[in-house]
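Some notes on the structure that comes next.
The values are calculated or read from the model by the stated rules, or taken from the named source; none is laboratory data. Keep in mind that this is a model prediction, so the values were computed, not measured. Here the Cβ positions follow ideal geometry from the backbone for every residue, glycine too, while neighbour counts run over all protein chains shown. Protein only, heavy atoms only, side chains kept; ligands, DNA and RNA dropped before computing areas. Shrake-Rupley method; radii C 1.70, N 1.55, O 1.52, S 1.80 Å.
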Amino acid sequence: MMRGALLALLVVLQAALVGAAYAAHAYAQFGDIKYPPGFFSFEWANANAPKRGDIALVAPTRLTNFDKFNPFTLKGAAAPGLNSLVFETLMTGTYDEPNTAYGLLAEDIEVAEDLLSVTFRINAKAKFQDGTPVTAEDVKHTFDTLMSKAAAPQYRVVFGDVKAAVVTGELTVRFEFRRVSAELPLLVGGLPVFSRAWGKGKPFNEVITDKPIASGPYKIGRMNFGRDITYDRDPNYWARDLNVRRGQFNFDRVTFKIYKDNTAQTEAFKAGEFDYVEVFSARDWARAYQGKKFDSGELIRAQWAAKNAGDFQGYLFNTRRDKFKDARVREAIVLAMDYEWMNRQLFYNSYTRVRGYFVNSDFEAKGLPGVDELLVLEPIRDKLPAKVFNEPVPQPPSTAAPGSLRDNLRKAKALLEQAGWTYRDGALRNAKGEAFVMEYLDGGSGERTFTPYQQALAKLGIDAKLRRADFALIQKRWDVFDFDITTVRMRGSEAPGSELLDRYGSKSAETQGSSNMTGVRDPNVDHLLDQVVASKTRPELVARLRALDRVLRHGHYAIPQWFAEGYRVAYRGGRFEQPKVAPQYYQPQDWVLRTWWSTSSAGGTTGRGNQ
């Protein structure tokens, strides 16, 4: 039984002696809970921060439009900011404990002694933005709706080990689990809750432009549909004085603006159209974010450190395509990338090569399997390739001396020949005479990095075509797995778990809209995923994730790209203040929106992977 659950249970039992039914204010998957019951505020927030002013930002990722206010369905693009500003969860995480969450909508949490259920008691003060109370029925309605076919399919995967949500009282709801997992209480604690009245009378997938009835600190305000949206702080926000919200969400108005490309976005920032941006392009950072306004302090250019695990970014193979089914073919294509040249010539030596799926974290596999990994891998030894045990975990190929791109291309040619692909009649062809053609689906920002790769692939006889499209079309094609290769950036996590079932599990491989974009369908991977989500201690989780990383890397499902250590950000000088204590594990935009504040009531203005 895990230490966190024992702590929670001991607190519950102790409180029961004085007549309390529930007493756990937080839940820790592993280890201790940092903040005690009744704590005043998180130390990375300024409890005395004034509530005033505006801030304008750009929409995250590659969003070029939005057409709905429902972020939980498959079709369409939801307005940026909805999840973090409008919807709330039963529990909320903290920037200094990656495996712990504290009560938000739920004021008390009780984990059953057999660890097969968790019961939440809703805070009686919790209100939706229309003034109606948040009840256990609303929580159950939310869960049942997200588990239905009207919602995006990933919820049915992520919550697949949750058997049911059972209302046990007006303000109490119990989640019952199919198996013991230390992560499951955190998982259901992260359930976004909305009112039963939202879109009432409509199928959930037809709730599109109905404004959400949720409980968060902001409501949808002025907008130019599809181009920008402003959220107004709710003056009657129910949790404004709650310890897990004290000193947070301090702006009166938050605006997200959408720009079609990086150039327009950069120029708009310099012209004062918005206040804050995270910069993902190394070239833009080196060239465009310079000049008099930065020298004078009108604009601030900063690189923030963090303890976060590194992001995974790479070209993903769609192994549903016949040409990518052979791992030797995938490995050969990986060999054709000259990352070292790209980093020198295109990236100003600002990136680190992605090595695996959990790069720069405790979960990254290294060298040969250690004793802890072998305990995980031994039960499936006879089903795995011998190289998983006998060879060091694959590293991205290098062209640094004494290596070279030419040497790597020779190795690639040999692998392709072993897989039945030979160069003849001006192209790489299989036994049927079919030429090897592959399409790279891109949103328009990756052309300069793909072009040199394209040229190297041509030396192998591979015709690599670039297909540019806007994000709406790309999302549609991703949802139905209609691509050969594409680029995806996935945030690193300090506590990977059930989301990996959706990303690498066989069940998700043919589920449209899932995150299993590569189409991994391997019973060995499924076995390791089951082990990961069943981990009871952090050492168990570390060993099992390293084993998973090792097996996936031997499968060559992706062409590893690059990641930045820390964050490159720019913002307007003199307009904002931030807490004195910096967070340890955070995403920069989330930290800005949650904890910064305006220096004056005048506020700010009216206001995407690494390249």
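Observations, loosely collected:
- The residue that is nearest to GLN561 (Cα to Cα), counting only those in region 264-304 that are of a type in the set (Gly, Ala, Ser), assigned to a helix (DSSP H, G or I) and open to solvent by less than 10 Å² (accessible area, probe 1.4 Å), is ALA282.
- Answer residue from region 346-357, given it is open to solvent by less than 20 Å² (accessible area, probe 1.4 Å) and out of contact with any Lys or Arg (no Cβ under 8 Å at 6 or more places or on another chain) and is modelled with the highest pLDDT among those: VAL354
- Within region 168-237, strands (runs of 3 or more DSSP E) holding 3 or more residues that are closer than 23 Å to ALA136 by Cβ: 172-177
- ASP338 passes every criterion in (1) more than 25 Å from the chain's Cα centre (by Cα); (2) farther than 17 Å from LEU460 by Cβ apart from (2).
- Given (1) among the hydroxyl-bearing types (Ser, Thr, Tyr); (2) modelled with pLDDT of 95 or more; (3) surrounded by fewer than 18 Cβ atoms within 10 Å (Cβ to Cβ), number of the condition THR518 does not satisfy: (3)
- Residues (part of a loop (DSSP other than H, G, I, E, B) and open to solvent by 30 Å² or more (accessible area, probe 1.4 Å)) located in region 238-257: TRP238, ARG240, ASP241, LEU242, ASN243, ARG246, ASP252
- Exactly one residue among ARG179, ARG196 is of a type in the set (Lys, Arg), closer than 23 Å to ASP526 by Cβ and open to solvent by 10 Å² or more (accessible area, probe 1.4 Å), and that residue is ARG179.
- Scanning region 59-70 turns up at least one residue that is part of a loop (DSSP other than H, G, I, E, B), touching an Asp or Glu at 6+ places or on another chain (Cβ under 6 Å) and surrounded by 18 or more Cβ atoms within 10 Å (Cβ to Cβ).
- When region 200-237 is filtered for residues that are closer than 21 Å to MET147 by Cβ and either surrounded by fewer than 20 Cβ atoms within 10 Å (Cβ to Cβ) or of a type in the set (Val, Ile, Thr) (or both), the ones remaining, listed by number, are LYS200, GLY201, LYS202, PRO203, PHE204, ASN205, GLU206, VAL207, ILE208, ASP210, ILE213.
- Within region 86-103, the set of residues being surrounded by fewer than 22 Cβ atoms within 10 Å (Cβ to Cβ) and more than 24 Å from LYS307 (Cα to Cα) comprises PHE87, THR89.
- Tallying residues that are loosely packed, with under 14 Cβ neighbours inside 10 Å and of a type in the set (S, T, N, Q) within region 359-397 yields 2.
- Filter pass, LYS75 being open to solvent by 10 Å² or more (accessible area, probe 1.4 Å) and at pLDDT 95 or above: no
- Filtering region 158-167 to residues that are in contact with a strand residue (DSSP E or B) (Cβ under 7 Å, 6 or more places away or on another chain) and in a loop (DSSP other than H, G, I, E, B) leaves only ASP161.
- Of the residues making up region 409-440, those that are within 27 Å of ALA547 (Cα to Cα) and open to solvent by less than 90 Å² (accessible area, probe 1.4 Å) number 3.
- Scanning region 118-169 for residues that are under 27 Å from the mean Cα position of the chain (by Cα), small (Gly, Ala, Ser), open to solvent by 20 Å² or more (accessible area, probe 1.4 Å) and at pLDDT 95 or above gives SER148, ALA150, ALA164.
- For region 318-330, a residue qualifies if it is surrounded by fewer than 20 Cβ atoms within 10 Å (Cβ to Cβ) and closer than 15 Å to LYS411 by Cβ, and the qualifying residues are ALA327, ARG328.
- Filter result for PRO80 (open to solvent by less than 20 Å² (accessible area, probe 1.4 Å) and either among the β-branched types (Val, Ile, Thr) or assigned to a loop (DSSP other than H, G, I, E, B) (or both)): yes
- Any hit, region 587-606, residues being part of a strand (DSSP E or B) and either under 18 Å from the mean Cα position of the chain (by Cα) or not acidic (Asp, Glu) (or both): yes
- Of everything in region 441-460 that is small (Gly, Ala, Ser) and assigned to a helix (DSSP H, G or I), the residue that is least open to solvent (accessible area, probe 1.4 Å) is ALA456.
- Qualifying residue in region 107-116 (condition: under 27 Å from LYS580 (Cα atoms) and at pLDDT below 95): no
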